[in-house]
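The values are calculated or read from the model by the stated rules, or taken from the named source; none is laboratory data. Model, not experiment: these values are computed from the prediction. Every residue, glycine as well, gets a Cβ built from its backbone with ideal geometry; the counts of neighbours run over all protein chains shown.
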Amino acid sequence: MKVTQNVIQDLLPVYVAGEASADTVSLVEDFLRSDPELARTVDGLRGGALPEIPVALRPTQEKEVLTMTKQLLRWRGILMGLAVFLTLLPLSFRFSNGRITWMFLQESPVALTVAVGLAAASSWGGFLYVRRRLEGTGL
């Protein structure tokens, strides 16, 4: 069986890491003597240790993330309650004299109805926005 450059390239990660068996090491070194270009590449791999990536985390970052998550959870509850209230407000009714009387729509101006509708839509939008921000936390 003829050992090709592809076979040696498959063995290089194990060889460079120093985890190859003695037979593999001798096979790779024999091939590298006959291929000086690949030998230079292997020398570059061996000598080039990976640079350390500096981790620039502030000491208080975990606490800040926890505080922000708690705040988002609080806002999610507030916005959900407000959205449900404003959505159901126009639908509030009462029974009197055997009739259903719509409390909100009975004598309210159209502008007020539109304002409550916009406020409800805004509350639902805010709730959905906060919910999306909390998706990354799994809450």
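So here's what we get for this one:
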{"item": "The listed residue being surrounded by 10 or more Cβ atoms within 10 Å (Cβ to Cβ), within 29 Å of Val3 (Cβ to Cβ), out of contact with any Phe, Trp or Tyr (no Cβ under 9 Å at 6 or more places or on another chain) and at pLDDT 80 or above, out of Asp23, Asp43", "result": "Asp43"}
{"item": "Check on Met68, surrounded by 11 or more Cβ atoms within 10 Å (Cβ to Cβ) and modelled with pLDDT under 80", "result": "no"}
{"item": "Verdict on Val84 being within 30 Å of Gly125 (Cβ to Cβ), modelled with pLDDT under 85 and aliphatic (A, V, I, L, M)", "result": "no"}
{"item": "Number of the condition not met by Val130 [criteria: (1) at pLDDT 75 or above; (2) touching a Lys or Arg at 6+ places or on another chain (Cβ under 6 Å); (3) exposed (fewer than 13 other Cβ atoms within 10 Å of the Cβ)]", "result": "(3)"}
